[in-house]
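Each value in this text was obtained by applying a stated rule to the coordinates, not by laboratory testing. Computed from a predicted model, the values in this text were never measured in an experiment. Using ideal geometry, Cβ is built from the backbone for each residue, glycine included, and neighbour counts are taken over all protein chains shown.
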Amino acid sequence: MRRCPAQKHAESRRDRVLALGLHCGRSGLSVAHFDSLAADDEVVNRELSGSGSKAVMERPGLVQQFLQGAEFLRALLSSIDAALLLP
């Protein structure tokens, strides 16, 4: 977000993802694409935070959550045009 050319206060994570798409998204990608990414971010963030539970998770579950988070980041970063970011 710091490298986004339009700096404004975003109220939520969803607003941040949508702002990145609006100001730095690759050409040809619609707002709906970033809206979908914002929804994915909400799910991934909720699962990674454990929904407030302190239960111990088994290794396969941790690996699954890590892969889901990594896949989300890959999708978000591949949707951003690096040339539009501030240096």
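How do SER27, SER79, SER36 rank when sorted from fewest to most other Cβ atoms within 10 Å of their own Cβ?
So the ranking, lowest neighbour count to highest, is SER27, SER36, SER79.
Can you sort ARG46, ARG59 from fewest to most other Cβ atoms within 10 Å of each residue's own Cβ?
Fewest to most other Cβ atoms nearby, the residues stand as ARG59, ARG46.
Rounded to the nearest 20 Debye, what is the dipole magnitude of the range 13-84 about its Cα centre when Lys and Arg each give +1 and Asp and Glu each give -1 at the C-beta?
Value, rounded to 20: 160 debye.
Quick one: if the Förster radius is 30 Å, what FRET efficiency do LEU85 and ARG14 give, using the C-beta to C-beta distance and rounding to 0.05?
Computed FRET efficiency for LEU85 and ARG14: 0.90.
For the residues LEU76, LEU20, what sequence is obtained by ranking on other C-beta atoms within 10 Å, fewest first?
So the ranking, lowest neighbour count to highest, is LEU76, LEU20.
By how many nm would the segment from ALA70 to SER30 grow when fully extended, if each residue of separation counts as 0.36 nm and the alpha-carbon distance is taken off?
Length gained between ALA70 and SER30: 12.2 nm.
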